[in-house]
Amino acid sequence: MFRRVKHWGPGLLLLAPTIILVGVFVYWLIFENFRVSLTNQHTAKPSNKYVGFENYTNLLADPNFQHSLWNLLILTVVFLSGTLIFGFLWAWILDKPAKGEGFFRAVYLFPMSVSFIASGVVWRWLLSSLQTDQPGGERTTGLNRLLDSVGLGFMQNDWWSNPTWGIAAIAVPAIWQLSGYVMALFLAGFRGIPEELREAARIDGCSEWKLYRYVIFPQLNPVMLSAVIIIGHMSLKLFDLIRAIVPDANTYDVQVPATMMWVKYIGSDYADAAAIGMILLVLVAIVVIPYLMYTSRAEKR
Amino acid sequence: MATSILERTSSGGTAAGAPNQTKRRINRTLKYALLLLFVIMILIPAYVLFITSFKGSSDADPSRAWLLPETWETAGWAKAWTTLAPALGRTFLLVIPAAIISATLGSINGYVLSKWRFPGANIVFTLILFGMFIPYQAVMIPLTQLMSNIGVPQGIPSLMLLHIVYGLPICTLIFRNYYESVPSELIEAARMDGAGIMRTYTSVIFPVSAPGFVVVLIWQFTSAWNDYLFAAFFSSGRNGPVTIALSFLAGGQLTDYAASMAGALIASVPTLIVYILLGKYFVGGLMSGSVKG
Amino acid sequence: MRRRLTLIAAAATLGLTLAGCGGAADKPAESAAPPAEATGKVGVFTWWADGSEKVGLDALTAVFTKDYPKLTFDNLAVAGGAGSQAKSVLAAQLKAGNPPDSFQAHAGAELQDYIDAEQLEDLSSFYTDNKLTEQFPKDLVDRLTVGGKIYSVPSNIHRANVVWANVEVLKKAGLDPTKPAENLEGWFADMDKIKATGKTPLSVAGSWTQVQLFENILLSSLGVDGYNGLWDGKTDWKGADVTKAIDAYKKALSYTNTDRDSLSDWAPATQLVQDGAAAYNVMGDWAEAKFAQDGDKAGVDYTYFPTPGTAGVFDFLADSFTLPVGAPNPDGAKAWLTTVGSAEGQSAFNKAKGSIPANITAKTDDFSEYQKSAIKDFSQDKIVSSLAHGAAVPVAWLNDLSTAVSKFGGDGNVAGLQDSAAAIAAKFAQ
């Protein structure tokens, strides 16, 4: 027994700072946050009255919060499908040997290195909602101006200034920024497929489509799953980009839980802000925990 | 793992002869046309940033919004530089130590979790890993309280502590995966020689850790550099990092697009340089975000 | 390097204790040294970081450094989002027990939040010492007094029910710039004429400027008593007169620029009037400073009048400065507050900011025509509290209502806005 402790004791000791830090800054704070979310701390005045799940039921019944959840759903669906489509397409094209492949890869990936705040500056301009055929249309800039000047004026739109679909416009810069990342994931996935497998399929007379359908795609499933998890959880947390593009945090059209939490925080409604944080955590956990369990099991095998 | 992730592993390709030269040429043209189209799409925002940053007030005509400046003015750049320069300095002061400290801790953690495992190591690892995914909104309210209770000043000191702590999960993950590929025999040999846990680390593990460190340092550098959420809660324009300074520059009363776009470019230079010079490692960090690497 | 050490020290204590000092609440603000003897830095927190507002602050600090050469002014201004960014930063600093020496807050309900949270020192004795009570209008002092105590020194008074118009655009539409409409119906008829010329009749920007427009329409449509009743429960939000007011707001929105949500703050909306792209802008009279700063001439380039239907009413808000609990340099802060309250300080500041002095002894001979008219109006008009600027309702109420107004900008659902406004009022009325 002593020998075993002597064997793993020092390791545990080395890990202790991290265990304590993560324990305090992640788990204890989540617990504390949960505690605040069960109180009536709705103003700056300290107040600690326990109200149970009242804040949660109120939030979930609040049409504005429901709208923010709806926005989050649209954002996530558009963001995910956009990055998956572009990411896969680029990886698929670049997977075959080609001249200048490195250049294209580098260009597709570069937006990833820029912060949402910096790219938000230009996307705010690009996504200006004014259109040339509206009153004051001579002030039109951004993509609407570009579309008009290349003869695609009919494609001009309100971008994010629309209560139902506006949030999808926020996904555009997010897709711009992260498609390269998904491409890199898929490229790694493609390259993980042994050439012999493809050869064997070809020798068997597989058509190109069938090769993908039955050989390549199944091999890409884990990569695809990773991409969905990473992009999905980024989308749930997305905050910087919306703050950078939309001037006012309290803009209904593009309200998502993360921005709503900020508005509540500024208004000193700490209990509601904490409750929104918990709801986000639950959403992320639903996505991530099964994935973590899956990978840790896959590793054991 | 990191270095070779995107390198071609086989030189294969379409092996069969050349059935139809023209068809292949068309295909190739189509392919490059597509690739170029995507390049243009990706570079549109960069183009706008660049041209607008050089426009002066005389160039404000919206109908010329997409054209090159009539006169190239540097007033926007000057304003952006004077506004952002102090914040840039602070950001380096924040990001470099934060990256080094969290990388060092991550390396030790990865070493323990892959080579010096104890009962329950897997559970501990998964629990640490979960910290990487949590929405920080879920800890923000008590976190502001905690930070004030332990008395860490707002601004760079607060942010440094936060980037170190919340960077630990991914640093640990990257190093753990990296050390999995180091043969255990090396460790065993060192142990036979009577080396303890730290000596094994310094004599065997640390010397082969360079690629892991590069990946982790780059990852931490970029993510801390680009952070806005923590900065928004724990700093202000005068003691905060460059993302905050930029958001104030761009969010002023009358948005000065020349200055804010120049500012966006200035704020992106360090991470872009890292990306251009060390692109492969950068990608390595990205890959490890997907847990399995 | 020192930062590193602090950090390490902080990390070391982390494991030991999570209690420790919070808000330094027991530190006495009263101290022996009179303000004139104070030395060191005075950190003053505002959201006047830009444009004409910064010019005003600079004018005030010039007086301050002249009055107190031993003190250095430390400008802690935070830009962005009409003070919302600033308020969040401030909230965090106050929560962290790390307050500035003095910070800006709107007088009225907004100040109430800080008082409730016990973040402000009582300044009543400061008022008596400096004989300030008799130098400020009674209306204002009443609004600053909470439970018999006064917690802030007002620096200026603004009016939020002013329409700014481009003379040229009005003339082109065949309107007489010197004869503004008397009520909303007449005003909308004028806007129809402007619309026909292809110009935007009414400019507005993002969320809070829309709330301000909404407040103006409510005030015009419901009258003073009806408007005041919205905040104290005497006016039924579900009443037919409120429906009519919201209908009028909907009509007003239909005349506005479609890209309103993209405009980052009030200034771009006012700029549209200056540029001749829009005819009218409903804006607080800080706009006056912008016109002046850009060299526009009243009566020639632009004109102003109370929002139609609100003549004789002064929709009021005031900025004021506070002494937070635990301020690092309370003596310096009091020196600052002395300058803020002084006749000389108020003259310099308000002349540049476009507002009117709260201190009635301040010299205003060289103020602009607009300001002189506002001073006169303030002394004789009925005074109501502004909604959009935290004078009428607490911040949380304002936040919820802002969301509802922002939502209305997209869906135009009159019943929806009315219902949620009623629900919000019911929630906060208790």
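Data table
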read-out: In sequence order, calculated HN-Hα J values of the range B:216-231 (Karplus, 6.51, -1.76, 1.60; Hz; x Gly/Pro); value: 5, 4, 5, 4, 5, 4, 5, 6, 5, 4, 8, 5, 10, 4, 4, 4
read-out: Antiparallel bridge percentage (DSSP; both residues within the protein assembly as shown; nearest 5); value: 60
read-out: Candidate lysines - alpha carbon under 27 Å from C:Lys131, same-chain residues fewer than 8 apart omitted; value: C:Lys27, C:Lys41, C:Lys66, C:Lys70, C:Lys149, C:Lys334, C:Lys351, C:Lys353, C:Lys363, C:Lys372, C:Lys376, C:Lys382
read-out: Between 0 and 90°, nearest 10: helix C:369-380 axis offset from chain C longest Cα axis; value: 80
read-out: Average beta-carbon neighbours from other chains, 10 Å sphere, peptide A:39-45; value: 5
read-out: For B:Ser260, net neighbour charge (Lys/Arg +1, Asp/Glu -1) across residues whose Cβ lies under 10 Å away; value: +1
read-out: C-alpha long axis of helix C:414-429 to longest principal axis of chain C, angle in °; value: 30
read-out: Under 5 Å, built H, 5+ apart or other chain: amide partners of C:Asn156; value: C:Asp319, C:Ala358
read-out: Per-pair calculated FRET efficiency, R0 = 41 Å: A:Leu69 and A:Arg213 via Cβ, rounded to 0.05; value: 0.70
read-out: Rounded to whole Å, sorted largest first: equivalent-ellipsoid semi-axes of the range B:30-99, Cα gyration tensor; value: 30, 24, 7
read-out: Inter-centroid distance (Cα atoms) of the range C:264-322 relative to the range A:1-72, Å; value: 47
read-out: Computed log₁₀ I(q)/I(0) - Debye formula, equal Cα scatterers, no solvent, the range C:287-340, q 0.14, 0.25, 0.27, 0.29 Å⁻¹; value: -0.69, -0.99, -1.05, -1.11
read-out: Note, ³J(HN,Hα) from phi for the range C:174-187, Karplus 6.51, -1.76, 1.60, rounded to Hz, x at Gly and Pro; value: x, 9, 8, x, 8, 10, x, 4, 8, 9, 4, 4, x, 5
read-out: Fraction in percent of alpha-carbon pairs per bin - 10 Å, the range C:192-256; value: 21, 45, 26, 8, 0
read-out: Where N is the number of residues in the range A:155-301, Cα Rg divided by 2.2 N^0.38 Å; value: 1.41
read-out: Evaluated at q = 0.09, 0.10 Å⁻¹: base-10 log I(q)/I(0), Debye formula over Cα of chain B; value: -0.63, -0.74
read-out: Per-residue [θ]222 nm for chain B (sum of -39500 (n - 2.57) over DSSP H runs n ≥ 4, rounded to 500); value: -23000 deg cm²/dmol
read-out: Kirkwood-based shape ratio for the range B:95-209, expressed as Rg/Rh from alpha carbons; value: 1.06
read-out: Förster radius 41 Å - calculated FRET efficiency between B:Leu186 and A:Asn221, Cβ distance, rounded to 0.05; value: 0.75
read-out: Globularity index of chain A, i.e. its alpha-carbon radius of gyration over 2.2 N^0.38 Å; value: 1.25
read-out: Debye log10 I(q)/I(0) for chain C, one point scatterer per Cα, at q = 0.08, 0.11, 0.13 Å⁻¹; value: -0.46, -0.85, -1.14
read-out: Choice from A:Gly180, A:Gly142, A:Gly11 showing the highest fluctuation, given a GNM over chain A with Cα pairs closer than 10 Å; value: A:Gly11
read-out: Degrees, to the nearest 10: C:84-95 long Cα axis against longest axis of chain C; value: 30
read-out: Charge context of C:Lys363, other residues only, Cβ under 10 angstrom, K/R +1, D/E -1; value: -2
read-out: Gyration tensor over alpha-carbon atoms, the range C:108-235, equivalent ellipsoid semi-axes in Å; value: 40, 17, 14
read-out: GNM top mover of B:Pro241, B:Pro142, B:Pro97 - chain B, alpha-carbon springs below 10 Å; value: B:Pro142
read-out: Cross-link partners of C:Lys193 among aspartates and glutamates (Cα-Cα below 17 Å; sequence separation of 8 or more within a chain); value: C:Glu168, C:Asp176, C:Glu182, C:Glu185
read-out: Note, ³J(HN,Hα) from phi for the range C:234-239, Karplus 6.51, -1.76, 1.60, rounded to Hz, x at Gly and Pro; value: 7, 9, 7, 4, 8, x
read-out: GNM flexibility winner over chain B from B:Ile100, B:Ile244, B:Ile42 (Cα, springs under 10 Å); value: B:Ile42
read-out: Size-normalised alpha-carbon gyration radius of the range A:24-107, reference 2.2 N^0.38 Å; value: 1.93
read-out: Estimated 222 nm signal from helices in chain A, with DSSP H stretches of n ≥ 4 weighted -39500 (n - 2.57), rounded to 500; value: -22000 deg cm²/dmol
read-out: Cut-off of 10 Å, at most 15 other beta carbons, DSSP loop: longest stretch of chain B lacking such GluC sites (Glu not before Pro); value: B:71-293
read-out: Within-9-Å neighbourhood charge of C:Ala422 [Cβ basis; K, R +1; D, E -1]; value: -1
read-out: Cut-off under 5 Å, modelled amide H: who pairs with C:Val325 long-range; value: C:Leu120, C:Glu121
read-out: Three semi-axes of the equivalent ellipsoid, the range C:389-430, Cα gyration tensor, whole Å, largest first; value: 18, 12, 6
read-out: 5 angstrom amide H check on A:Thr39, placed H, neighbours 5+ away; value: A:Val51
read-out: Residues of type lysines that C:Lys427 reaches as a straight line, Cα spacing below 22 Å, ignoring anything fewer than 8 places off in the same chain; value: A:Lys45, A:Lys49, A:Lys264, C:Lys234, C:Lys238, C:Lys407
read-out: Fraction of the pair-distance distribution of the range C:309-357 above 15 Å, Cα-Cα pairs, percent; value: 59
read-out: R0 of 51 Å, Cβ-Cβ distance B:Phe50-A:Arg35: FRET efficiency to nearest 0.05; value: 0.55
read-out: The protein assembly as shown: projected area of the alpha-carbon convex hull, averaged over directions, in nm²; value: 44.8
read-out: DSSP H segments from chain A that extend 30 Å or more along their own axis, Cα-based, with Kyte-Doolittle mean of 0.5 or above; value: A:63-95, A:166-191, A:270-300
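None of the figures in this text is laboratory data; all of them are computed from the coordinates on show. Note that this is a predicted model, so its numbers are computed, not measured. A quick note on method: Cβ atoms are made from the backbone with ideal geometry, for glycine too, and the neighbour counts reach across all protein chains shown.
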